[in-house]
Every structure is written in structure tokens, then in C-alpha cells.
Amino acid sequence: MSQNQPLVSVIMPAYNCERTVGAAISGVLMQEYPNMELVVVDDGSTDATSAICASHGALIRYRRIDNSGSSHARNVAISMARGELIAFCDADDVLLPPYVGAAVQKFQAAGGGRRIVMSDAYQLTSNGIAHARLLIRNKFPSADRQRMAILQKNFVPILSLFPAAMHHELRGFDEHLQLNEDWDYWLRAVMAGYEVLYQPVPHAMYRLTPGSKSTDSKVHAVEDQILRRAAEEYRSSLTDEESRFLDLRLRLPPPRHVDAQLGDALRAGDHAQARRHAATLATLSSEDTRLRLRALAIARVPGAARVFAWRQQRIDRRMGGRLSDHSSTATDSDS
């Protein structure tokens, strides 16, 4: 195979996903890119996931393990991988045929090396594909602002491609983390000097599911744990700006928590509370220009909270309810 077509290992952890894993596997197997393998690790599923995976035979590399969490499943899968490049695809997402080829092309055009390619995707909800709302809705941070951006929130989706050497350098996912392990992973990569590239054409479908995980106190505690560890581990290399932000952030709730509170206040019609949450969110979101400007509008412009409350209700209807992992507050675009 040509050096311009390095082997790509697509990594898929699977757990009790009998309704979606078949489509996820089919999407990978239908890729136009000619030099790739699919590695599926079944994390001790108790439904038909194992049978569905096994039915694909030699088309995939498959292993079943005892249930240990997604971090361990991804680490096991990458230990099985033979590719020079790694791409993630969760068992409820779907890759469209150009996906892997477009990511490899972006990686190579930039010179390869210490780079990660994150790809945009359509949002797949209980109401179907949300064509007007892509996964990446905010301005992508420039290379010189990516350290600050990743400290503020995880801007890198799981739909990403990177060198296998990066995973080994990072010593894999932290298996002690059962939540936010992907943010911890990308944060360590960016702080180690990896540049994130953005492939803007949506060649995948990323599934969003109703829920309220973003308000879970356990998630917030883990976010604080990750940032405290970053403040300690990277203390000598942090800029003054980064140090000031970490000091401020660890005295305040996580931005995602504030964002969820803002959404709840808008849903409840509590405009005074919404303005207070919006002011805090703007303080914590300097690198997310759209989010910060919208939060400032709610906090400072008379009548803006009422307008955004209406937009919040509209978004909820379109997206099939409140969404986990990716906030559905009206501070996001509603194109």
C-alpha cells in the first residue's frame, strides 16, 4: 500500500448497544478509504451486542472482555490495533463513506506528525438527522489558543483521527476515570504539544440522546479533579493567563454546569436567574466567542433573556428533549 494511504485502525468500544452497533459497523465497513481495519471491543455486553459483532466474522477484529468501562475498552482495542493512525467511532455513531479518507487527507496536508484531526458531523437525535445543526457549532480555536480552550472545555469530539504514537505517549486513557475520560485524554494531548485540526465537512452522524448528564454532580467533581491535576502537573509550563483561569475556574462551578443551569432558568422563565448564570458563563468562556457573546447578551441586554427563553423552547422541540453531553441551551446557535 502507498505511503500516502497509511493503515488506519478504527476503534469501537461496544456495550449493550444492540440497536445501533450494526449500523456503526456497517458505516466503517463502507468507507471509501482502502487501507483500514475495524477493531471492536465488547465491554461485557449482556444484550445481543456480542452476537451482532461476531456475525461480521473476519470483516472486523473483535474481542469480548469483562465489563470495565469505556476507557479500558478503548485501551484494549488500541493495543490490538496495527494501524499507524487511529480513528475513533462509538457504537452509536455512523461514519459516512468519505469520513476516514477526508480525515487522512487533512492530516497529511498539514504535514502529519503531532496533529489530531477532529471531524464535523450531523447531529442524530430521536427526531432524526438535525440537518441545520452540526456537531461543531462554535468558532474553532487557533493553534495558539488551543491550550486555553481545552482547559475551559472539551472542544475535541470523539470523532477524531491521530497517530497511534500519541496514544502510547499519553499512556492511554485514564482507566480510573469513568466520566470525562475523553476530555482528560485530549487535554493531555494538547498540553503535550499536539495541534488539533478541524475537518469541517460532515461525513458522520453523531448521536445525541435525551438526558441530564451535564448536571450530574459526579461529572462536575470529575471535571474539577481533571483540572486540579492539570494545574499541578503542568504548573511549570502554564502561562500566567492559564494559571489565572485555573485559579478562577476552580473557585466557580464548571462551565457546563452553569450552561445547564442557564438552560433550566430559561425553560422556567426565571429571567433574573438566567442573567446571573449568563454572567458567570461569560466569565468562564473567553475562548468560545459565540457562547460568550450570547451569554453577555442574556446578562446585559434588556429583554434578551425572554427572547432566548423562546429560542430554548424551540431548540428543545427540534432536538427531541434535553440532551446529554452536549448542552442544548439557547446560547448555542439555532440556525
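The numbers here are math on the coordinates, done by the rules we state, and not lab data. Keep in mind that this is a model prediction, so the values were computed, not measured. Here the Cβ is made from the backbone with ideal geometry for all residues, glycine too, and neighbour counts use every protein chain on show.
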For the stretch 95-219, convex hull volume per residue from C-alpha positions, Å³: 122 Å³
Given charges at Cβ of Lys, Arg, Asp, Glu: the stretch 213-319 dipole, positive-most of 245, 312, 226: 312
Candidates 127, 180, 75: whichever shows maximal mean-square fluctuation once the chain is modelled as a Gaussian network with Cα springs under 10 Å: 127
Beta bridge orientation in the stretch 8-207: antiparallel %, DSSP, nearest 5: 30 percent
Selected from 164, 89, 268, residue furthest toward positive end of dipole (the chain; charges at beta carbon): 268
Total charge dipole magnitude, the stretch 8-207, about the Cα centre, Cβ charges on Lys, Arg, Asp, Glu only, Debye to nearest 20: 540 debye
Cα Rg over Rh - the stretch 142-202, Kirkwood: 0.94
Stokes-Einstein diffusion coefficient of the chain, Kirkwood radius over Cα pairs, 4 °C, 1.567 mPa s, in µm²/s: 63 µm²/s
Rounded if a/c under 1.5, otherwise prolate or oblate - the stretch 1-50, Cα gyration tensor axes: prolate
Magnitude of the charge dipole, the stretch 1-68, Cβ model with Lys/Arg +1 and Asp/Glu -1, debye to 20: 100 debye
The stretch 116-234, relative contact order in percent, only Cα pairs under 8 angstrom and at least six apart counted: 41 percent
Selection from 25, 51, 68 lying farthest towards where the dipole of the stretch 8-207 points positive, charges on Cβ: 25
Computed Rg/Rh of the stretch 8-207, alpha carbon atoms with Kirkwood Rh: 0.94
Contact order relative to length of the chain, as percent, for alpha carbon pairs under 8 angstrom and 6 or more apart: 17 percent
Cα centroid of the stretch 28-42 to Cα centroid of the stretch 158-177, whole Å: 18 Å
Restricting the stretch 216-273 to trypsin sites (Lys or Arg not before Pro) in coil, as DSSP defines it, with at most 11 other Cβ within 10 Å: 251
Those trypsin sites (Lys or Arg not before Pro) in the stretch 140-207 that DSSP places in a loop and that have at most 10 other beta carbons within 10 Å: 171
The stretch 213-319, dipole about Cα centre (Lys/Arg Cβ +1, Asp/Glu Cβ -1), debye to the nearest 20: 660 debye
Sparse-neighbourhood loop sites, trypsin sites (Lys or Arg not before Pro) in the stretch 68-134 - DSSP loop, at most 16 other Cβ within 10 angstrom: 82, 114
Hydrodynamic radius by Kirkwood, which averages 1/r over all alpha carbon pairs of the stretch 213-319, in angstrom: 14.8 Å
